[in-house]
1. If the only charges are +1 at each Lys and Arg Cβ and -1 at each Asp and Glu Cβ, what is the size of the charge dipole of the chain around the Cα centre, to the nearest 20 debye?
2. Which of S218, G141, A191 sits closest to the plus end of the dipole of segment 111-261, meaning its Cα is farthest towards the positive end, when Lys and Arg get +1 and Asp and Glu get -1 on the C-beta?
3. Based on the mean of other beta carbon atoms within 10 Å per residue, what is the order of 171-182, 308-319, most packed first?
4. Given 20 Å bins starting at zero, what is the percent of C-alpha pairs of the chain in each, up to the one with the largest pair distance?
5. Tell me the mean residue ellipticity at 222 nm calculated for the chain from its helices only (DSSP H runs of n ≥ 4, each -39500 (n - 2.57), averaged over every residue, nearest 500).
6. Which distance in nm do the two modelled labels at A301 and E138 give, with both placed 7 Å along the Cα-to-Cβ direction?
7. How high is the relative contact order of segment 185-309, given as a whole-number percent (alpha carbon pairs under 8 Å, six or more residues apart)?
8. Put a dot 7 Å past each Cα toward the Cβ at A289 and A270; how far apart are the dots in nm?
Amino acid sequence: MLNRRTVLKYSAAAAATLAAPGIARAAPVKIIMAHATAEVHPAHIATVEFKNALERLAPGATEIQLFPNRQLGDDKQLLEATIAGTVQISLASGVLFPLVTGRPALDAFQLPFLVRDYDHMEELTTSEVGQKILDDLEPAGIIGLTNVDIGQRHFLSVGKPVLSLPDFSGLKTRIVPVPLHRAIWEAVGAAPVGLPYGEVYGALQTGVIDAVEINVSSMLGENLWEVGKHFTLTGHYPWHSVISANKTFFDGLPAELQAAVRQAGRDAVAPTMAYTKKQDHDGRAELQAKGVEIHELANLADMRARVAPLIDSWSEKSPLIAEFAAQALATA
């Protein structure tokens with residue numbers, strides 16, 4: 001049975017292995033890797049692809065124990081545990097990294113309507129500036145390994161469909177409680193409500209919130225289609241998720257294993273993005289079969305115009321955000 005004692009014991013074993021280089025060559029490095037999503041979710045696929053890639057690149061060198069589905073906590077808890085070293089590697093929502101680490105650059109990926117689609121996301125996240133943004137996490141005590149889109153965000157409402165920009169007005173809309181998301185949804189006209197991911201279903205069901213900005217993968221993985229029947233396609237930003245490793249743990253690995261871990265992060269991007277793209281498009285038909293009405297927003301250009309000033313204001317927060325925004329606009 002999984003409990004805190006088990007996790008601490010596993011972490012201690014990993015630390016002991018790394019402390020004895022002679023043993024490291026003979027015994028696999030034990031690694032706890034965790035995330036908060038269901039197994040059908042692209043985030044889980046990203047961790048599986050990373051694990052498989054590392055096992056191909058360094059056969060027998062590691063023993064990864066994967067904990068999905070909030071077994072070890074939610075996104076924020078897992079990111080904090082990775083910084084602390086209780087968890088060696090985790091995947092967490094990219095929007096939480098600026099909040100937890102104080103390093104703002106990862107906000108670049110969720111500037112509204114800046115990333116065009118999945119192909120554009122893959123191009124940007126594997127670019128030079130994409131790597132710079134991952135490298136910027138190192139002073140916070142973590143090594144950024146992978147940044148992927150696990151589903152473009154759209155809009156789910158319970159009481160009535162959102163068909164045009166005025167329909168957003170006053171809707172109690174769940175957001176991750178971070179400054180960027182609050183600024184976006186206040187600009188749109190909604191009433192943002194910060195809630196943990198695991199509370200969304202119950203909050204929609206009980207009327208604590210009227211709506212949530214969400215992706216197809218989470219609609220399916222969290223069964224949100226049971227309580228929300230109006231899904232409006234907006235594609236306002238990608239939901240980027242980052243695989244990161246505790247820096248002390250990473251620095252203790254042999255150089256060749258460090259290189260394999262970094263390469264495994266890069267190798268996980270393409271298959272994860274392919275899965276995400278397919279699930280997004282195929283999942284819409286699945287949602288319709290479950291009784292969800294799918295709508296287009298009549299004046300998407302008006303929504304884009306409403307939030308466009310945030311690109312400039314957020315670019316002032318970090319040279320890396322400004323560099324990313326310039327590249328995204330040039331390649332859109």
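None of the figures in this text is laboratory data; all of them are computed from the coordinates on show. Just so we're clear, the structure is a prediction, and the values are computed from it rather than from any experiment. Heads up, the Cβs are rebuilt from the backbone with ideal geometry, glycines too, and the neighbour counts pull from every protein chain shown.
1. Numbers: 28 positive and 36 negative charges, 165 e Å.
Charge dipole of the chain: 800 debye, to the nearest 20.
2. A191
3. Numbers: 171-182: 19.6, 308-319: 15.0.
Ranked by mean Cβ neighbours within 10 Å, highest first: 171-182, 308-319.
4. 32, 56, 11, 0
5. Working: 16 runs with 160 residues, N = 332.
It comes out at -14000 deg cm²/dmol, rounded to the nearest 500.
6. Using points 7 Å along Cα→Cβ, the separation is 4.6 nm.
7. Numbers: 67 pairs, mean separation 49.9, N = 125.
Relative contact order, segment 185-309: 40 percent.
8. Spacing of the two 7 Å Cα→Cβ label points: 3.0 nm.
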